[in-house]
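Okay, structure first, notes after.
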Amino acid sequence: MPARIIGTGSALPEKVVANQELEMLVDTTDEWIKSRTGIEKRHIAVTETTTSMSVEAARRAMKDAGVGAEEIDLIIVGTVSGDLCFPSTACQIQSAIQASNATAFDINAACAGFLFGLSIAEAYIKSGIITTALVVGAETLSKMMDWKDRSTCVLFGDGAGAAVVKGSDAGIMSMVQGSDGARGGALTCHNRAVNNPYVNNGFETDYTKMNGQEVYKFAVKTVPAAITKAMDKAGISADQVKYFLLHQANIRIIEAVAKKIGQSIEKFPTNLQECGNISAGSVPILLDFVNKEGKLERGDIIVLAGFGAGLTWGAAVLSW
Ligand code: COA
């Protein structure tokens with residue numbers, strides 16, 4: 001049975017930090033950030049957490065879908081910034097929303113996390129193991145940034161997006177994923193420092209590091225190829241797609257992808273101007289924005305695509 005997204009939700013932190021405010025933290029300018037990335041502001045968690053935003057986004061998605069907690073069979077969270085190592089963010093959501101029938105786990109596929117989660121949910125639904133899944137992409141990347149490093153701290157933001165996915169007569173038409181661990185060094189963040197009496201390796205916790213140009217080249221080459229492959233698999237042409245909802249890393253990447261697949265930039269909605277890059281949160285939050293703006297009608301064909309650390313990438317073609 002095909003899997004359909006039947007409801008979406010999102011949650012963003014209350015605090016908004018504009019580019020001008022970052023000029024006081026690091027040697028940067030609003031003009032540099034805007035012209036290189038398109039980003040104007042981002043939401044930064046102060047009281048919110050990855051879990052609290054995920055729970056809020058999940059509740060909104062369930063309300064939008066008209067699905068009760070007891071109906072959810074599976075909760076998958078794409079995140080690289082869970083509040084705890086364990087239990088998982090998914091298990092914490094399960095507890096908060098009282099989805100006692102669900103199996104819950106997190107996955108780490110960075111900015112492709114929501115796409116990877118969606119593909120697992122689809123596989124469970126298609127194979128008849130479950131009927132209804134909650135897929136979440138959520139991050140508090142602000143806690144993983146070096147706020148003295150202008151090349152990274154200006155790019156990212158916090159937030160959560162969620163989708164309820166259910167077996168239906170139509171929905172996800174194709175999915176494509178890939179990974180290239182050999183190029184993983186382009187975007188990294190260490191976990192906690194080793195702290196046991198047998199190790200003295202001088203390793204201290206550090207923050208997100210990125211070779212921006214390498215990630216840029218990877219994105220503009222791999223994303224159009226993945227989208228094209230997904231469209232071929234679904235048997236549809238780019239002209240039939242109403243919207244391409246891409247990971248919100250950089251407006252120049254989105255423009256390059258639009259050009260490569262020969263589609264108008266008007267078909268690529270964005271919210272990076274006000275949200276920055278929210279890693280696994282970007283795609284589901286954008287999907288929720290577009291859905292709540294009433295821009296999607298049943299039967300519309302849309303493409304979702306995510307890419308990032310790993311390196312990882314994923315694309316999906318779906319009928320709304
Ligand atoms: N403000 C001002 N100057 C900055 C800056 C900032 N926030 N960040 C970097 N710079 C400087 C650099 O130090 C460099 O200075 P130099 O020439 O004196 O050495 C200069 O700007 C150019 O840096 P460069 O890294 O070549 O810029 P760029 O044009 O490649 O743009 C990115 C940088 C990060 C915007 C771009 O590489 C990019 O978007 N990459 C993809 C990143 C991405 O999407 N990551 C997430 C994937 S999930």
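We did not get these values from a lab; they are worked out from the coordinates using the rules stated. Predicted, not measured: the structure shown is a model, and the values here were computed from it. Positions of Cβ are backbone-derived with ideal geometry, glycine not excepted, and every protein chain shown enters the neighbour counts.
Amide H to amide H, with H built 1.01 Å from N, Met173 comes under 5 Å of Val317, Leu318, Ser319, counting only residues 5 or more places away or on other chains.
Highest mean first, what order results for 52-60, 286-294 on Cβ atoms within 10 Å? Could the numbers behind the result be given before it?
Values: 52-60: 24.6, 286-294: 18.2.
Top to bottom by mean Cβ count within 10 Å: 52-60, 286-294.
Taking the simple approach of a point 7 Å from Cα along Cα-to-Cβ for both Glu70 and Ala123, what is their distance in nm? Going by the 7 Å Cα→Cβ label model, 3.1 nm.
Once the C-beta distance of Thr29 and Lys221 is scaled by a Förster radius of 35 Å, the resulting FRET efficiency is 0.75 to the nearest 0.05. In a simple Cβ point-charge model (Lys, Arg +1; Asp, Glu -1; nothing else charged), segment 1-62 has a dipole of about 480 debye relative to its Cα centre. Counting neighbouring beta carbons within 10 Å and listing from fewest to most, the residues Ser81, Ser168 come out as Ser168, Ser81.
Taking amide hydrogens as placed 1.01 Å from N in the peptide plane, the amide H of Tyr243 sits under 5 Å from those of Val303, each at least 5 positions away in sequence or on another chain. Within the same chain, lysines fewer than 8 places from Lys143 are excluded, and of the rest, those with a Cα less than 19 Å from its Cα are Lys15, Lys41, Lys209. For segment 15-30, backbone phi angles converted through the Karplus equation (6.51, -1.76, 1.60; θ = phi - 60°) give residue-by-residue couplings of 6, 10, 10, 7, 3, 4, 5, 6, 4, 7, 9, 9, 7, 9, 9, 4 Hz, Gly and Pro being listed as x.
Calculated [222 nm] ellipticity per residue, helices only, for the chain: -9500 deg cm²/dmol; basis is -39500 (n - 2.57) per DSSP H run with n ≥ 4, divided by all residues, nearest 500. In order along segment 79-96, the Karplus-derived 3J(HN,Hα) couplings, from 6.51 cos²θ - 1.76 cosθ + 1.60 at θ = phi - 60°, round to 7, 10, 9, x, 6, 10, 5, 8, x, 5, 4, 4, 5, 5, 5, 3, 5, 5 Hz, and Gly and Pro are given as x. To one decimal place, what Kirkwood hydrodynamic radius in Å is obtained for segment 146-241 from all pairs of distinct Cα atoms? By the Kirkwood definition, the hydrodynamic radius is 17.8 Å. Averaging Cα coordinates gives a centre for segment 97-134 and one for segment 1-72; these two points are 20 Å apart. Multiplying the residue separation of Glu297 and Arg252 by 0.36 nm and removing their Cα-Cα distance gives an extension gain of 13.4 nm. Please figure out what share of the DSSP beta bridges in the chain is antiparallel and state it in percent, rounded to the nearest 5. If I count the DSSP bridges inside the chain, around 70 percent turn out antiparallel.
Over the Cα atoms of the chain, Rg to Rh with Kirkwood Rh, two decimal places?
With Rh from the inverse mean 1/r over Cα pairs, Rg/Rh is 0.96.
Spacing of the modelled spin labels on Asn211 and Ser95, each 7 Å from Cα toward Cβ, amounts to 4.1 nm. For segment 72-150, just say rounded, prolate or oblate: build the C-alpha gyration tensor, square-root its eigenvalues into a ≥ b ≥ c, call rounded for a/c under 1.5, and beyond that prolate if a/b exceeds b/c, oblate if not. Because a/c hits 1.5 or more and a/b fails to exceed b/c, segment 72-150 counts as oblate. Which of Gly128, Thr28, Ala193 sits farthest toward the positive end of the charge dipole of the chain, with +1 on the Cβ of Lys and Arg and -1 on the Cβ of Asp and Glu? Of the options given, the answer is Gly128.
Less than 5 angstrom separates the built amide H of Phe156 from those of Asn277, all sequence-distant by 5 or more or on a different chain. Placing a pseudo-label 7 Å from each Cα along the Cα-to-Cβ vector at Val16 and Cys85 gives an inter-label distance of 3.8 nm.
Positive contributions from Lys and Arg (+1) and negative ones from Asp and Glu (-1), summed over other residues with Cβ under 10 Å from the Cβ of Ala258, come out at +1.
Ordering Ser179, Ser151, Val165 by the projection of their Cα atoms onto the charge dipole of segment 142-186, which places +1 on the Cβ of Lys and Arg and -1 on the Cβ of Asp and Glu, puts Ser151 at the extreme positive end. Charge tally for Asn291 (other residues, Cβ to Cβ under 11 Å; Lys, Arg +1; Asp, Glu -1): -2.
As a proxy for reagent exposure, ranking Glu14, Glu122, Glu40 by other Cβ atoms within 10 Å from fewest up yields Glu14, Glu40, Glu122.
Residue separation of Asn191 and Arg36 scaled by 0.36 nm, minus their Cα-Cα distance, works out to 52.9 nm of gained length.
Counting every Cα pair in segment 207-247, what percent are over 12 Å apart?
68 percent
Ser54 sits among other residues whose Cβ lies under 12 Å from its own Cβ, and their net charge, with Lys and Arg +1 and Asp and Glu -1, is -4.
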